[in-house]
1. Within the stretch 200-223, track down each residue that is open to solvent by less than 30 Å² (accessible area, probe 1.4 Å) and in contact with a helix residue (DSSP H, G or I) (Cβ under 7 Å, 6 or more places away or on another chain).
2. Filter the stretch 52-70 for residues that are small (Gly, Ala, Ser) and under 10 Å from the mean Cα position of the chain (by Cα); which is surrounded by the fewest Cβ atoms within 10 Å (Cβ to Cβ)?
3. Could you pull out the residue among Arg115, Arg149, Arg131 that is open to solvent by less than 40 Å² (accessible area, probe 1.4 Å) and among the charged types (D, E, K, R)?
4. Which of (1) surrounded by fewer than 21 Cβ atoms within 10 Å (Cβ to Cβ); (2) touching a residue at least 12 places away in the same chain (Cβ under 8 Å); (3) on the phi < 0 side of the Ramachandran plot; (4) not in a strand (DSSP E or B) does Gln94 not meet, given it meets every other one?
5. I'd like the residue in the stretch 1-19 that is in contact with a helix residue (DSSP H, G or I) (Cβ under 6 Å, 6 or more places away or on another chain) and under 27 Å from Ser240 (Cβ atoms) and, out of all such residues, is modelled with the lowest pLDDT.
6. Considering (1) at pLDDT below 95; (2) not in a helix (DSSP H, G or I), say which one Ser163 fails and leave the rest.
7. Among the residues of the stretch 208-224, are any in contact (Cβ under 8 Å) with a residue 24 or more places away in the chain and closer than 22 Å to Glu45 by Cβ?
8. Among residues belonging to the stretch 71-91 that are more than 16 Å from Asn192 (Cβ to Cβ) and either touching a Lys or Arg at 6+ places or on another chain (Cβ under 6 Å) or hydrophobic (A, V, I, L, M, F, W, C) (or both), point out the one that is surrounded by the fewest Cβ atoms within 10 Å (Cβ to Cβ).
Amino acid sequence: MKPLYRKLPAELESSFSARHDIMPNFGNVWHYHAELELHYTIRGEGIRFIGDNISQFAADEIILVGEKLSHAWRCKDEYFQNNPDYNIEAIVLQFLPDCMGKQLLQLPESYLIPRLFEKAKSGLLIKGETRRLVAQLMHDCVNETGLGRVISLLQILKTIAESDECETIVKTQTTFHQSNEADNIRLNNIFNYTHTHYRNDITLEEVANIANLSITSFCRYFKMMTRKTYYDFLVEIRISHACRLLVENKMPTEVICFECGFNNVSNFYRHFKKVMGLTPLEYKKRYLNRN
């Protein structure tokens, strides 16, 4: 899906942005920008879209998103109900690759940083002890001023660049050039409609109407923009919700199947294995044993 280009506002007297957000939700818009983004979810859960990857996100997750890599964090429906018990909390750092000067990246001592920025173009999930260290450094960074703030960012980049606890998220690197506003509106309408109605039997006719296209034109358009069919996209959304319900461990797998929009259990198992590489039971056991 072709995301919205977002030009981030420049902060006066600041070479990069570091903020601590507490809000109802992360919004809906799938977007990209020239800056890298280090995103630490302190509170909140839902589905994240990074490049061609659709996965669950939850509290205590840190991700480094590379420049021009499309991304969105879409919270569960509860976060859109104006309920004060459902607020997200996150620390977000956004910075251009050369925000501290091109000369820094050319120093022989800094060779790991350009290498890290290249890896970040596929998205990096920060794990283990590195995640704990980076979380504390991000807290420090938003509270620092002046030169201390720059030193904090360098320390964060050093910690991630030297770590072997980073997992690549995206299978295929894809960057985007600025798209037109009509496409942005159309695709985000499709995106939001799918999130709201994934439990239902969504027909191509109704989603094509949302896009104001004929069914044939919609199928061609969606495949061109996303490199996958709408049906494949819908299945991935449903499987992501199924993953969340499996790890919550509050209802049987057969109930989860219908809760996520699948009409029969065998079909659900087949799609789950294809998308996740595991059966629902294997996925649940692996998650529960890990925690």
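The values are calculated or read from the model by the stated rules, or taken from the named source; none is laboratory data. Note that the structure is a prediction, hence the values are computed from the model and not measured. Neighbour counts are summed over all protein chains in view; Cβ atoms, including those assigned to glycine, are modelled from backbone coordinates with ideal geometry. Please note that ligands, DNA and RNA were not included when accessible areas were found on the heavy atoms of the full protein model with its side chains. Shrake-Rupley method; radii C 1.70, N 1.55, O 1.52, S 1.80 Å.
1. Correct list: Ile202, Val207, Ala208, Ala211, Phe218, Phe222.
2. This residue is Ser55.
3. Only one candidate passes the filter, namely Arg149.
4. It is condition (4) that Gln94 fails.
5. Met1
6. Just one mismatch for Ser163, condition (1).
7. Looking through the stretch 208-224, none of the residues is in contact (Cβ under 8 Å) with a residue 24 or more places away in the chain and closer than 22 Å to Glu45 by Cβ.
8. If we take residues in the stretch 71-91 being more than 16 Å from Asn192 (Cβ to Cβ) and either touching a Lys or Arg at 6+ places or on another chain (Cβ under 6 Å) or hydrophobic (A, V, I, L, M, F, W, C) (or both), then Glu89 is surrounded by the fewest Cβ atoms within 10 Å (Cβ to Cβ).
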